[in-house]
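Remarks on the structure that follows.
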Amino acid sequence: MVSAAKVAVVLALALGGCSRRPDLDMAAARREIRRTLVSTYGADVDLGQPRCPARVVARKGERFRCSIDVAGQRLGLSVEQRDDAGTLQVVPERAVVGLPRVRRELVAALADRIGGRSAVVSCAGPAVRVVAVGATFECAARDGATTRTVLVRVRDLAGSLTFTIQR
């Protein structure tokens, strides 16, 4: 004979399964994350496929972490569901900085200090960098016979930069 306690446990487990929230469609979430990053960084940046948890509950405010390779460098992502329908907000953990933009901004910023827009800027390393906020790297700015080392500092996740000429 089945006891009343056993029936209650079985019934509770069955009803608990019915009240479980649906999972987020993770294939769709990965597509949306990648689409967001292509929109942010441009189609010419080499982006891999996002790596995310296999299951995430579909619920407004639910957060999870993913990662993606950007030009061969790992970028961590914080992802938050903005509503129950799976709208996502994607926040990178580091800035993505393209050297062509660094060169353009550096030439413009240093135009008065090293002889105008004829300066040639070179930065060693990959053409796209995944850089922590506050981190620095060096470039060289040359105008004719004068070459200066410039310290480039990443100010925020959007990749805003400051330049300091080294003496």
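Around Ala140, with a cut-off of 13 angstrom between Cβ atoms, what is the net charge of the other residues, counting Lys and Arg +1 and Asp and Glu -1? Intermediate results must be reported in sequence, preceding the final value.
Working: positive: Arg103, Arg142, Arg148; negative: Glu138, Asp143.
It works out to a net charge of +1.
How much mean residue ellipticity at 222 nm does the chain get from its helices, if each DSSP H run of length 4 or more adds -39500 (n - 2.57) and you divide by all residues, to the nearest 500 deg cm²/dmol? Write out the running numbers ahead of the final one.
Details: 3 runs with 43 residues, N = 167.
My calculation for the chain gives -8500 deg cm²/dmol from helical runs alone.
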Open item on the list: If the elastic network links every pair of Cα atoms under 10 Å, which of Ala145, Ala108, Ala43 fluctuates the most in the Gaussian network model of the chain?
Closed with: Ala145
Open item on the list: Can you give me the angle between helix 99-109 and the longest principal axis of the chain, using Cα atoms only, in degrees from 0 to 90, rounded to the nearest 10?
Closed with: 50
Task: Positive-pole candidate from Ser78, Pro92, Gly134, dipole of the chain, charges at beta carbon - done: Gly134
Open item on the list: How tilted is helix 4-19 with respect to the longest principal axis of the chain? Cα atoms for both, answer in degrees (0 to 90, nearest 10).
Closed with: 40
TODO: Net charge near Arg94: determine it from the other residues with C-beta under 11 Å of the C-beta of Arg94, scoring Lys and Arg +1 and Asp and Glu -1.
DONE: 0
Task: Over the chain, relative contact order from alpha-carbon pairs under 8 Å, at least 6 apart, % - done: 14
- [ ] Give the angle, between 0 and 90 degrees and rounded to the nearest 10, that separates the Cα long axis of helix 26-41 from the longest principal axis of the Cα atoms of the chain.
- [x] 20
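Every number in this text was worked out from the coordinates using simple rules, so none of it is lab data. All of these numbers come straight from a predicted model, not from anything done at the bench. For neighbour counting, all protein chains shown are included, and Cβ atoms are generated from backbone atoms with ideal geometry for every residue, glycine included.
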